[in-house]
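*Asks:* There's a structure below that I have some questions on.
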Amino acid sequence: MRHLVKRRRIVALFGVVAAGAVGVAAAFRPDPTTPIERQLALKLRHALDPFWSLRPLGELHLADLPARLHAGALVQALSGEAAPQQLLSATDDELRAMTRERIAKDYESAPLVNVRGWLLSPTEASLCALSAALD
Amino acid sequence: MIHDALSLTSHEKLSADVCVVGGGPAGIALARRVSQRGARVVLLESGGLRPEPAAQSLGAGEILAEQYWALDTSRIRALGGTSHHWAGWCRPLDGLDFEKRGWVAHSGWPFGFDELSPYYEMAQQLVDLGPLEYDPGVWSEQLKRRFLPLSSGDIQNSVWQLSAPTHFGKKFQAELEASSRIDVWLHATGLRIDRHPKLPRIQSVVAVTPEGGLLEVHAGSFVLATGGIDNARLLLASEAAGVGLGNEHGVVGQFFLEHPHSRIGVLCCDDDNGVVAQYAGAIDIPGSRPPAIRLGLGLSEEVQRRERLLNVSFSLEPFVGDPPYPEVQAMASRSLSALRGTREHLRFELLVRSEQEPDAQSRVVLTRHRDRLGLPWAGLEWRRNPRTLNSIRFAAELLARSFGRLGLGHVYSYAHAGKDARASGAWPDIWGGHHHMGTTRMHDDPREGVVDRECRVHSVDNLFIAGSSVFPTAGYANPTLTLLALSLRLADRLTQAQS
């Protein structure tokens, strides 16, 4: 299925790694992305056109992180305090508006993320990474 | 009156109230001012009316540390000095630049902005500018143009007034020729400063002509105005048996300052209304003084204090060709803009012009080479310490944050790109702006500076220095306006002392 998250990694059984830029912890274990997180990831991809073109930068970003992040962790980071269900019920326009608001807020106070020279907000960096983590 | 010593072979003795060595902007400004107040002046200029290879070669030197421009091309020896090839960018130092800042080594002028303010006003007139107005808000209103809304952030708008640029030799040649109080001697290179045998005073300055003639000038006061390299060179070379004139504490030549320039990255931004594009070139104001202004971006005083930064500014430069990053990132740039609901219309290269932290190891020394007149060459050891580079790097992050907060665009920073940095060379690729400063710095304590707050050499009663070599720190503003203001102030001090 085109929209399914394919990443299935069986790596280590232990060790929580720093999630780097997005500030999320992710364990080396089979991709624990839940169905709701997958749905939300796909919804973001649909809403945030041209999401696909962020993939090359996302690949670079993921490669620089201490551990490969899965889509679920990235969606969690992007959801922030909002419940995934709540975001799933948002319209594309609402999602876009929320994302932009969040990016602007990031630039106020959140640490910048250096993605191979691009000085980005954590939200932008996570979206790039999510684009690369999705197939 | 202007005399030419080109073919002079004899030994002439001259006398004046004030002897000025160096006919550049500082020397001319000072000579005019003191003569207007009744003083008789002899002004010695190493070159002629126009730049000549023979005179230029006397400015040759060695580059001993960081890469730098050839010294004999970095300054012009002719009446008008380096105003023969300056770009006309004018801006006073910021108030904070004068302060002693706990996070900037050796910072602090003996006085603040207010002391120089009236002289800045006069300096504006010398370079054919308008009032001393550098408030971006005032300019925005006056020109009925919208600038970036940055008034309360860490990054703020900054303004340069652009002189035509004024050429001091051409502008004042007729006046100097007609002057009964100023005697300009062309092709007279200051060679030696002779102390009084018993008193802490200068007795005479000896200049040599191309044909071996000598001009021995006796005066009440002597002013060196030969630029940031040669002021130190002449002092160091003037007492063969010792460590150099005015150099009892070894400070002469130390603390050489430049304005480190660097291409720091790319600004990718949406600019439907053309607000950002205004920053990428001169804004012409036909029929006005100044004839044009240039906008830039600088660090607020608050963020310099909070983050313990040096003063840094950015200019935007239009690209010729594509930005030097891989195509994958060009595509990403467009997508990032789209995510934020903006369109990437324009890409500008970010040019940094920064303050340099004073450092005794950054210095001018004498080398073993001698020029054809027998004066030792200057050797330049320009050193930039890590704090300077860190401030530039951090400023790029502040700029990214400011543009991000306003939803205007993204910054791609060569300083953060690591191995993906611009193909032409890894950052930092830094160069100087031909701004030679700090080598005879001003400080109330003779152990920390060569001249006192009146620009008088500490250990000599009647020897003064004009020019940017007296700057203790230099902010990021181009030095001409400040060195003119200091020269005019010194002229007033000299004439007050004489009267």
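The values are calculated or read from the model by the stated rules, or taken from the named source; none is laboratory data. Since this is a predicted model, take the numbers as computed values, not measurements. Using ideal geometry, Cβ is built from the backbone for each residue, glycine included, and neighbour counts are taken over all protein chains shown.
*Asks:* Give me a count of the residues in the range B:249-284 that are in a loop (DSSP other than H, G, I, E, B) and small (Gly, Ala, Ser). It would help to see each step written out before you state the result.
*Replies:* The initial filter retains those residues of the range B:249-284 that are in a loop (DSSP other than H, G, I, E, B), namely B:249-256, B:258-260, B:270-275, B:281.
Within this subset, residues satisfying the condition of being small (Gly, Ala, Ser) are B:250, B:253, B:274, B:281.
Summing the residues that are in a loop (DSSP other than H, G, I, E, B) and small (Gly, Ala, Ser) in the range B:249-284 gives 4.
*Asks:* What is the one condition in (1) part of a loop (DSSP other than H, G, I, E, B); (2) touching a residue at least 60 places away in the same chain (Cβ under 8 Å); (3) acidic (Asp, Glu) that residue B:239 does not satisfy?
*Replies:* Unmet for residue B:239, out of (1) part of a loop (DSSP other than H, G, I, E, B); (2) touching a residue at least 60 places away in the same chain (Cβ under 8 Å); (3) acidic (Asp, Glu): (2).
*Asks:* Go through the range B:367-419 and give me each residue that's within 14 Å of another protein chain (Cβ to nearest Cβ) and of a type in the set (Asp, Glu). It would help to see each step written out before you state the result.
*Replies:* Within the range B:367-419, the subset within 14 Å of another protein chain (Cβ to nearest Cβ) is B:392-419.
B:397 - this is the single residue of the range B:367-419 that is within 14 Å of another protein chain (Cβ to nearest Cβ) and of a type in the set (Asp, Glu).
*Asks:* Sticking with this structure for a sec: For the range B:50-83, how many residues meet the condition of being touching a strand residue (DSSP E or B) at 6+ places or on another chain (Cβ under 7 Å) and assigned to a loop (DSSP other than H, G, I, E, B)?
*Replies:* 5
*Asks:* If you don't mind, there's one more thing I want to ask. Does residue B:293 satisfy being more than 18 Å from residue B:388 (Cα to Cα), in a strand (DSSP E or B), within 23 Å of the chain's Cα centre (by Cα) and among the β-branched types (Val, Ile, Thr)?
*Replies:* Criteria met by residue B:293.
*Asks:* Same structure, new question: Taking only the range A:66-116 into account, find how many residues are among the hydroxyl-bearing types (Ser, Thr, Tyr), within 14 Å of chain B (Cβ to nearest Cβ), surrounded by fewer than 22 Cβ atoms within 10 Å (Cβ to Cβ) and more than 15 Å from the chain's Cα centre (by Cα). Explain how you work it out, then say what you get.
*Replies:* Initial filter on the range A:66-116 (among the hydroxyl-bearing types (Ser, Thr, Tyr)): A:79, A:89, A:91, A:99, A:107, A:109.
If we keep only those that are within 14 Å of chain B (Cβ to nearest Cβ) as well, we get A:99, A:107, A:109.
So of that shortlist, the ones also surrounded by fewer than 22 Cβ atoms within 10 Å (Cβ to Cβ) come out as A:99, A:109.
Next, only the ones that are more than 15 Å from the chain's Cα centre (by Cα) stay: A:109.
Final tally of qualifying residues: 1.
*Asks:* Right, another one. Restricting attention to the range B:181-236, and to residues there that are in a strand (DSSP E or B), in contact with a His (Cβ under 6 Å, 6 or more places away or on another chain) and not hydrophobic (A, V, I, L, M, F, W, C), which single residue is surrounded by the most Cβ atoms within 10 Å (Cβ to Cβ)?
*Replies:* B:204
*Asks:* Take the range B:149-176 and flag every residue that is among the aliphatic types (A, V, I, L, M), buried (at least 18 other Cβ atoms within 10 Å of the Cβ) and at pLDDT 95 or above. Working first, answer last.
*Replies:* Of the residues in the range B:149-176, the ones among the aliphatic types (A, V, I, L, M) are B:150, B:155, B:159, B:162, B:164, B:174, B:176.
Next, only the ones that are buried (at least 18 other Cβ atoms within 10 Å of the Cβ) stay: B:150, B:155, B:159, B:162, B:176.
Correct list: B:155, B:159, B:162, B:176.
*Asks:* Inside the range B:64-79, can you point out the residues that are of a type in the set (A, V, I, L, M, F, W, C) and under 19 Å from the mean Cα position of the chain (by Cα)? Talk me through it step by step, then tell me what you get.
*Replies:* Going residue by residue through the range B:64-79, those that are of a type in the set (A, V, I, L, M, F, W, C) are B:64-65, B:69-71, B:76, B:78-79.
Of everything in the range B:64-79, those that are of a type in the set (A, V, I, L, M, F, W, C) and under 19 Å from the mean Cα position of the chain (by Cα) turn out to be B:69, B:70, B:71, B:76, B:78, B:79.
*Asks:* Can you tell me which residue among B:366, B:389 is of a type in the set (A, V, I, L, M), assigned to a helix (DSSP H, G or I) and surrounded by fewer than 24 Cβ atoms within 10 Å (Cβ to Cβ)?
*Replies:* Numbers: B:366 fails: assigned to a helix (DSSP H, G or I).
It is B:389.
*Asks:* Picking from B:334, B:305, B:294, which residue would you name as being surrounded by fewer than 21 Cβ atoms within 10 Å (Cβ to Cβ) and at pLDDT 95 or above?
*Replies:* After applying the criteria, what remains is B:305.
*Asks:* Still on this model: Could you grab me the full set of residues in the range A:69-99 that are closer than 13 Å to residue A:33 by Cβ and of a type in the set (S, T, N, Q)?
*Replies:* A:76, A:79
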